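The next block holds one structure in the form of structure tokens; read it before the comments.
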Amino acid sequence: MALTDDLERIAGLASAFGGEARSVTGVLTAEASPGDRVYLCALAAEAAEHVWVALDQSGTVILSRDRVRDAVAIAALCEIAEEAAFPGDLDELRAQLVQLRIVEAPTGIEEAEAAAAELQRVLGAPPHVSTPGRLEEIGAAARRLEAALYDHSDGSPFTTAMRTAQGTVDALWQQVDSGYQGALE
């Protein structure tokens, strides 16, 4: 089953959670451990910003605090990595690199073009399953592009973004934990 079909199925199950129809405002898919897919579903709520429920592949509500927290962490880290990998439009960058190669042919331009193409391939089109492997792949491709484009004697913007990501991960976990629709154990 394609991921988009799986997401539609899970969103349908989540929307009926608790016996009342709710609008699903988002689904984050994560595998913190290989083969342990978790769907973090944000549901619209009147009294709160969102309420949350996590479902496994069969549509069963997950009540393990550790499984839900691990899924939240890897999903948030992958989202942050995707956003921090390149702060602009990769299509535009690739077009500019081609033009630069044609007009000026600077040393290393081919490596920059290959790095931009690789990062674009790694990021791909959504939806994605957030995994530790995907996080590592994004990081490697982002660092390769940074190395090809910039002199970062003062550090890597990608690495800096990832080092400061813990606050965002913690904030998302607090939202999920406080608005979870089930008794986490």
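The values are calculated or read from the model by the stated rules, or taken from the named source; none is laboratory data. Given the structure is predicted, the values throughout are model-derived calculations rather than measurements. Using ideal geometry, Cβ is built from the backbone for each residue, glycine included, and neighbour counts are taken over all protein chains shown. To get the accessible areas, we keep the full protein, side chains included, count just its heavy atoms, and leave off ligands, DNA and RNA. Shrake-Rupley method; radii C 1.70, N 1.55, O 1.52, S 1.80 Å.
Sub-6 Å Cβ pairs linking a first residue in the stretch 25-37 that is closer than 14 Å to E79 by Cβ to a second residue that is among the aromatic types (F, W, Y), at least 6 apart or interchain, are V27/Y39; T29/Y39, ordered by first then second residue.
Filtering A32, A85, A75, A54 for residues that are of a type in the set (A, V, I, L, M, F, W, C), within 30 Å of T159 (Cα to Cα), modelled with pLDDT of 95 or more and open to solvent by 20 Å² or more (accessible area, probe 1.4 Å) leaves a single hit, A32. Checked against (1) open to solvent by less than 50 Å² (accessible area, probe 1.4 Å); (2) closer than 19 Å to E185 by Cα; (3) out of contact with any Leu (no Cβ under 7 Å at 6 or more places or on another chain), D66 meets all criteria but (1).
Which one is modelled with the lowest pLDDT among residues in the stretch 1-23 that are in contact with a strand residue (DSSP E or B) (Cβ under 6 Å, 6 or more places away or on another chain) and either more than 23 Å from D70 (Cα to Cα) or open to solvent by less than 40 Å² (accessible area, probe 1.4 Å) (or both)? So the residue we want is R22.
Could you identify the single residue in R101, R134 that is surrounded by 12 or more Cβ atoms within 10 Å (Cβ to Cβ), under 30 Å from A44 (Cα atoms) and among the basic types (K, R)? Lay out the reasoning, then the answer.
On the way: R101 fails: under 30 Å from A44 (Cα atoms).
Just one listed residue meets the conditions, R134.
Could you list, in sequence order, the residues of the stretch 40-51 that are touching a residue at least 40 places away in the same chain (Cβ under 8 Å) and open to solvent by 40 Å² or more (accessible area, probe 1.4 Å)? Explain how you work it out, then say what you get.
Within the stretch 40-51, the first condition is being touching a residue at least 40 places away in the same chain (Cβ under 8 Å), and the residues that meet it are 40, 43, 45, 48-51.
If the condition is that a residue be touching a residue at least 40 places away in the same chain (Cβ under 8 Å) and open to solvent by 40 Å² or more (accessible area, probe 1.4 Å), then A48, E49, H50 are the ones that fit.
Residues that are of a type in the set (S, T, Y) and without any contact (Cβ under 8 Å) to a residue 60 or more places away in the chain were ranked within the stretch 158-177; the one that is farthest from G139 (Cα to Cα) is T164. Every listed requirement among (1) open to solvent by less than 40 Å² (accessible area, probe 1.4 Å); (2) on the phi < 0 side of the Ramachandran plot is met by T60 save one, (1).
The residue that is nearest to Y39 (Cα to Cα), counting only those in the stretch 107-165 that are touching a helix residue (DSSP H, G or I) at 6+ places or on another chain (Cβ under 6 Å) and of a type in the set (S, T, Y), is S130. With respect to being open to solvent by 40 Å² or more (accessible area, probe 1.4 Å), touching a Gly at 6+ places or on another chain (Cβ under 8 Å), farther than 15 Å from Q181 by Cα and not hydrophobic (A, V, I, L, M, F, W, C), R37 falls outside the description. The residues on offer are P157, P106, and the sole one that is over 22 Å from the mean Cα position of the chain (by Cα) and either over 30 Å from R69 (Cα atoms) or open to solvent by 30 Å² or more (accessible area, probe 1.4 Å) (or both) is P106.
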